[in-house]
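Scroll down for the structure; my scribbles are underneath it.
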Amino acid sequence: MQSLSSSYAPGHPSFADPLKTTIGKRSPVYQEESDVTPLNETTLKELVDRIFGDLGGAFSVPLVHIGDELGLYKTLKAIGPATVEEVAVAAGCAPRY
């Protein structure tokens, strides 16, 4: 006598794979039948511009924090307009920062 678990195991002839039995059973969706909103290029461009603007602001925050920790803003206030090298020398850090 065959056990119940072996007759319903994958690979057994009587095992029906649920994915294989449902693939192709769904009727195709045609554009005129779907509820998809048409793409508005202007709105999409505005959204993408806003996302990139927000990302730019998010990336600026740590850089501003580093500049504050290095004293770059106080140095600029004290010496006025200056080149990168002049600010670095006055702040005591490498021009890279």
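The values are calculated or read from the model by the stated rules, or taken from the named source; none is laboratory data. The structure presented is a predicted model; accordingly, all values stated were derived computationally and were not measured. Cβ: placed from backbone, ideal geometry, glycine included. Neighbour counts: every protein chain shown. With ligands, DNA and RNA removed, areas are computed over all heavy atoms of the protein, side chains included. Shrake-Rupley method; radii C 1.70, N 1.55, O 1.52, S 1.80 Å.
Per-residue counts of other Cβ atoms within 10 Å, averaged by peptide: what ranking do you get for 85-94, 52-61, highest first?
In descending order of packing, they fall as 85-94, 52-61.
Beyond 19 Å, what share of the Cα-Cα pairs of region 47-96 remains, rounded to the nearest whole percent?
39
With a probe of 1.4 Å, find how much accessible area region 46-97 has per residue, and write the answer as a whole number in Å².
81
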